[in-house]
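Enquirer: One structure follows; several queries about it will come next.
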Amino acid sequence: MYNKNMNSYQGKSYNVITYGCQMNVHESEKIRGILSSLGMLETDSAENADVVIFNTCCIREGAEDRAYNNIMALKPIKEKNPNKIIVLCGCMPQQKKGKYNLKEKLPFVDIIIGTHNVNQLAQYLLKFAVTKKQIYDIVDKPTGALDVDNAIRDDNINAYVNIIYGCNKFCTYCIVPYVRGREQSRTPQEIYNEVKNLVQNEGYKFITLLGQNVNSYGKDLKEPTTFAELLTSLCEIEGDFKIKFMTSHPMDFGDDLIKVMKNEPKIAKALHLPVQSGSSKILARMNRHYDLKHYMSIIKKVKHAMPNISLSTDIIVGFPGETEKDFNLTLKLLKKVKFDQVFAFMYSKRSGTPAAEFEDQIDEKEKNIRVNKLLRLQKIIQKDQTKKFFKRTYNCLIRQINGVAVGITDGGKEIYIPNYKFINQNYFADVKIEDIRNHKLSGVVNDKR
Ligand code: SAH
Ligand code: SF4
Ligand code: F3S
């Protein structure tokens, strides 16, 4: 074992570069905690930092290319300064067959580890300081979670909290189950304590609970707990805060959850519910375990229970076998649901996933045409949607931005509050929208202070 008495990192600088989802963003916050516990100081320049960490993603080819090119850009700098330490971690090296053979292509990267052993980053750094030999260590099973207590968070309003790691769903296009392993829930007590501390001692206003599929929460625990039960217990924490969560899977999205969301004022009225496609044929080939009818029935119930809810989704365009007809069904779905936000991706082949072997792959050019068509449609829908806000009241976080009072809705929309006399900020209040000009909303506060 290497211990901190041999620590040569004291006072050195570090820079963490993050790619991918919120889970990775939060993991980087914990990585920063590890580096700071070695006595290191953060800098915002990869070029100047003594230690640079690339925390990577491989959800699509583009994510891999971006990380790879940015790592390669450091090669000449490392040649000039051989003492600079470069670490590569996260989902990209965890793949069995990634696009790049990292061990071979990146001899100048000092430490290459995966998602399951990044919790031991301090040990790897201390070892490297002694041996000065490249460490390449990818393991198949989790060796423990990253320590949450020392996390250095990016934001001081919204805090991410992991509730479940991994994924058991195996959607046919997706690499996540292969690089993140099986579902592993944290205990309700651990989560409760973390949230309570963030709200009561650190003053966070939004807590975003994270998991690849939060609705699967608790199934693997010794004393199984549902996600709805977890939410109910977290809402008992005293304080002026709200809870968000992502990502929800339509398959496990039950009525108990809709009920808790509706009844608990501490749960943000915002829902990210990825549909992926509007065609039931494609959904079956994606192994999503629901069809269009089921998805629409959830949306209907959610909108009925919470008319002000902000809805967002993910769409994959050009999945193998997607015909013009299937694609049109997705467009139809967008017109029907009128999401507040849509994240659309062109299907990207991930080696090792079933869909990569499907024979009816769609031409890149065609995918491009379809995704642009979809984005154009969504832009029109969103513009048109602004109307729905008129005269409605939203519970908002009141903030001062550039000297102006702004109410932030649960869905992240900004409402300007003209002539508002500030006493303090960062509290929740109802804001009624009185005016919409050029798609900008303004309103008045129903101030209960
Ligand atoms: N666990 C979440 C999402 C994780 S990945 C869920 O089940 O919805 C985030 C999004 O990336 C997915 O919702 C999907 O739309 C997209 N995605 C995943 N794999 C992809 C691939 N191979 N090509 C294109 N988009 C993909
Ligand atoms: Fe990927 Fe599907 Fe798991 Fe989401 S639920 S992480 S899309 S396999
Ligand atoms: Fe990417 Fe890994 Fe997240 S592949 S999307 S960083 S779980």
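The values are calculated or read from the model by the stated rules, or taken from the named source; none is laboratory data. Keep in mind it's a predicted model, so treat the numbers as computed, not measured. Here the Cβ is made from the backbone with ideal geometry for all residues, glycine too, and neighbour counts use every protein chain on show.
Enquirer: Can you tell me which residues in the stretch 255-282 are within 14 Å of Val317 (Cβ to Cβ) and buried (at least 22 other Cβ atoms within 10 Å of the Cβ)?
Expert: As a first pass, look at the stretch 255-282 and keep what is within 14 Å of Val317 (Cβ to Cβ): 274-279, 282.
If the condition is that a residue be within 14 Å of Val317 (Cβ to Cβ) and buried (at least 22 other Cβ atoms within 10 Å of the Cβ), then Val275, Gln276, Ser277, Gly278, Ser279, Ile282 are the ones that fit.
Enquirer: Identify, from the list Val317, Val260, the residue that is under 19 Å from Pro354 (Cα atoms) and either among the small types (Gly, Ala, Ser) or assigned by TED's automatic domain parsing to the domain that holds Thr226 (or both). It would help to see each step written out before you state the result.
Expert: On the way: Val260 fails: under 19 Å from Pro354 (Cα atoms).
None of the others qualify; the one that does is Val317.
Enquirer: The conditions are (1) more than 13 Å from Ser185 (Cβ to Cβ); (2) more than 15 Å from ligand 2 (Cβ to nearest atom); (3) among the hydrophobic types (A, V, I, L, M, F, W, C), and Phe253 fails exactly one of them. Which is it?
Expert: So the condition that Phe253 fails would be (2).
Enquirer: Checking the condition free of Cβ contacts under 8 Å to residues at least 24 places away in the same chain, more than 16 Å from ligand 1 (Cβ to nearest atom), surrounded by fewer than 21 Cβ atoms within 10 Å (Cβ to Cβ) and not assigned by TED's automatic domain parsing to the domain that holds Phe345, which residue from Lys84, Lys75, Lys80, Lys103 passes? Walk me through it before giving the result.
Expert: Values: Lys84 fails: free of Cβ contacts under 8 Å to residues at least 24 places away in the same chain; Lys75 fails: free of Cβ contacts under 8 Å to residues at least 24 places away in the same chain; Lys103 fails: free of Cβ contacts under 8 Å to residues at least 24 places away in the same chain.
Result: Lys80 is the single residue among Lys84, Lys75, Lys80, Lys103 that is free of Cβ contacts under 8 Å to residues at least 24 places away in the same chain, more than 16 Å from ligand 1 (Cβ to nearest atom), surrounded by fewer than 21 Cβ atoms within 10 Å (Cβ to Cβ) and not assigned by TED's automatic domain parsing to the domain that holds Phe345.
Enquirer: I've got another one for you. For Ser248, indicate whether it is in contact (Cβ under 8 Å) with a residue 40 or more places away in the chain and hydroxyl-bearing (Ser, Thr, Tyr).
Expert: It is false that Ser248 is in contact (Cβ under 8 Å) with a residue 40 or more places away in the chain and hydroxyl-bearing (Ser, Thr, Tyr).
Enquirer: Next up: Go through the stretch 344-392 and give me each residue that's closer than 30 Å to Met306 by Cα, within 16 Å of ligand 3 (Cβ to nearest atom) and touching a residue at least 60 places away in the same chain (Cβ under 8 Å).
Expert: Phe345 - this is the single residue of the stretch 344-392 that is closer than 30 Å to Met306 by Cα, within 16 Å of ligand 3 (Cβ to nearest atom) and touching a residue at least 60 places away in the same chain (Cβ under 8 Å).
Enquirer: Kindly indicate which of Tyr192, Tyr217 is surrounded by fewer than 19 Cβ atoms within 10 Å (Cβ to Cβ), at pLDDT 95 or above and within 18 Å of Ile267 (Cα to Cα).
Expert: Details: Tyr217 fails: surrounded by fewer than 19 Cβ atoms within 10 Å (Cβ to Cβ).
Unique residue meeting the criteria: Tyr192.
Enquirer: Identify, by number, the condition in (1) on the phi < 0 side of the Ramachandran plot; (2) within 24 Å of the chain's Cα centre (by Cα) that Leu106 doesn't meet.
Expert: That leaves (2) as the condition not met.
Enquirer: Write out, first by first residue and then by second, each pair whose Cβ atoms fall under 7 Å of each other, whose residues are 6+ apart or on separate chains, and whose first residue, in the stretch 199-216, is at negative phi and among the hydroxyl-bearing types (Ser, Thr, Tyr) while the second is more than 10 Å from ligand 2 (Cβ to nearest atom) and assigned to a loop (DSSP other than H, G, I, E, B).
Expert: Listed by first residue and then by second, the contacts come to Tyr204/Ile157; Tyr204/Phe241.
Enquirer: So Phe422 passes all but one of these: (1) assigned to a loop (DSSP other than H, G, I, E, B); (2) modelled with pLDDT of 95 or more; (3) closer than 30 Å to Pro265 by Cβ. Which condition number does it fail?
Expert: Result: Phe422 passes all but (2).
Enquirer: Here's a follow-up. Is it the case that some residue within the stretch 185-200 is within 16 Å of ligand 2 (Cβ to nearest atom) and within 24 Å of the chain's Cα centre (by Cα)?
Expert: To start, the set of residues in the stretch 185-200 that are within 16 Å of ligand 2 (Cβ to nearest atom) comprises 185.
Imposing the further condition that a residue be within 24 Å of the chain's Cα centre (by Cα) reduces the set to 185.
Yes: one or more hits.
Enquirer: Of the residues Asn150, Asn156, Asn168, which is in a loop (DSSP other than H, G, I, E, B), surrounded by fewer than 22 Cβ atoms within 10 Å (Cβ to Cβ) and within 16 Å of ligand 3 (Cβ to nearest atom)? It would help to see each step written out before you state the result.
Expert: Details: Asn150 fails: within 16 Å of ligand 3 (Cβ to nearest atom); Asn156 fails: within 16 Å of ligand 3 (Cβ to nearest atom).
Of Asn150, Asn156, Asn168, the one residue that is in a loop (DSSP other than H, G, I, E, B), surrounded by fewer than 22 Cβ atoms within 10 Å (Cβ to Cβ) and within 16 Å of ligand 3 (Cβ to nearest atom) is Asn168.
Enquirer: Within the group Ser248, Ser277, which residue is touching a helix residue (DSSP H, G or I) at 6+ places or on another chain (Cβ under 6 Å) and either within 16 Å of ligand 3 (Cβ to nearest atom) or β-branched (Val, Ile, Thr) (or both)? Don't jump to the end; show me each part of the working.
Expert: Details: Ser277 fails: either within 16 Å of ligand 3 (Cβ to nearest atom) or β-branched (Val, Ile, Thr) (or both).
The match here is Ser248.
Enquirer: Answer yes or no as to whether Leu329 is surrounded by 13 or more Cβ atoms within 10 Å (Cβ to Cβ), in contact (Cβ under 8 Å) with a residue 24 or more places away in the chain and within 16 Å of ligand 1 (Cβ to nearest atom). Give the derivation first.
Expert: Numbers: surrounded by 13 or more Cβ atoms within 10 Å (Cβ to Cβ): yes; in contact (Cβ under 8 Å) with a residue 24 or more places away in the chain: yes; within 16 Å of ligand 1 (Cβ to nearest atom): no.
No: the conditions fail for Leu329.
Enquirer: What is the one condition in (1) under 21 Å from Lys367 (Cα atoms); (2) without any contact (Cβ under 8 Å) to a residue 60 or more places away in the chain; (3) of a type in the set (Lys, Arg) that Arg285 does not satisfy?
Expert: Unmet for Arg285, out of (1) under 21 Å from Lys367 (Cα atoms); (2) without any contact (Cβ under 8 Å) to a residue 60 or more places away in the chain; (3) of a type in the set (Lys, Arg): (2).
Enquirer: Then there is this: Quick one: would you say Tyr290 is free of Cβ contacts under 8 Å to residues at least 60 places away in the same chain and touching a His at 6+ places or on another chain (Cβ under 9 Å)? Reasoning before the result, please.
Expert: Working: free of Cβ contacts under 8 Å to residues at least 60 places away in the same chain: yes; touching a His at 6+ places or on another chain (Cβ under 9 Å): yes.
Yes; evaluated as a whole, the condition is true for this residue.
Enquirer: To continue, here is another question. Which condition from (1) hydroxyl-bearing (Ser, Thr, Tyr); (2) surrounded by 19 or more Cβ atoms within 10 Å (Cβ to Cβ); (3) over 26 Å from the mean Cα position of the chain (by Cα) is the one that Tyr68 breaks?
Expert: Tyr68 satisfies all of (1) hydroxyl-bearing (Ser, Thr, Tyr); (2) surrounded by 19 or more Cβ atoms within 10 Å (Cβ to Cβ); (3) over 26 Å from the mean Cα position of the chain (by Cα) except (3).
Enquirer: What is the one condition in (1) surrounded by 19 or more Cβ atoms within 10 Å (Cβ to Cβ); (2) within 16 Å of ligand 2 (Cβ to nearest atom) that Leu125 does not satisfy?
Expert: Tallying (1) surrounded by 19 or more Cβ atoms within 10 Å (Cβ to Cβ); (2) within 16 Å of ligand 2 (Cβ to nearest atom), Leu125 fails exactly one: (2).
Enquirer: Here's another thing I want to ask about it. Hey, can you tell me all the residues within the stretch 147-184 that are outside the structural domain of Ala356 (by TED's automatic domain parsing) and within 16 Å of ligand 2 (Cβ to nearest atom)?
Expert: Correct list: empty.
Enquirer: Can you find, within the stretch 171-194, the residue that is farthest from Phe358 (Cα to Cα) among those that are aliphatic (A, V, I, L, M) and within 13 Å of ligand 3 (Cβ to nearest atom)? Reasoning before the result, please.
Expert: Our first condition is that a residue be aliphatic (A, V, I, L, M); within the stretch 171-194, this holds for 175-176, 179, 191.
Next, from what is left, pick out any that are within 13 Å of ligand 3 (Cβ to nearest atom): 175-176, 179.
Values: Ile175: 15, Val176: 19, Val179: 21 Å.
Only one residue fits best here, namely Val179.
Enquirer: Starting from residues that are aromatic (Phe, Trp, Tyr) and more than 16 Å from ligand 1 (Cβ to nearest atom), keep the ones in the stretch 116-174 and report whichever is nearest to Arg350 (Cα to Cα).
Expert: Ranking the candidates gives Tyr136 first.
Enquirer: Against the condition modelled with pLDDT of 95 or more and either more than 22 Å from the chain's Cα centre (by Cα) or crowded, with 20+ Cβ neighbours inside 10 Å (or both), how does Phe339 come out, does it pass?
Expert: Spelling it out, Phe339 is indeed modelled with pLDDT of 95 or more and either more than 22 Å from the chain's Cα centre (by Cα) or crowded, with 20+ Cβ neighbours inside 10 Å (or both).
Enquirer: Right, something else. Quickly run through the stretch 26-36 and pick out the residues that are surrounded by 16 or more Cβ atoms within 10 Å (Cβ to Cβ) and over 15 Å from Asp110 (Cβ atoms). It would help to see each step written out before you state the result.
Expert: Restricting attention to the stretch 26-36, the residues satisfying the condition of being surrounded by 16 or more Cβ atoms within 10 Å (Cβ to Cβ) are 26-35.
Matches in the stretch 26-36: His26, Glu27, Ser28, Glu29, Lys30, Ile31, Arg32, Gly33, Ile34.
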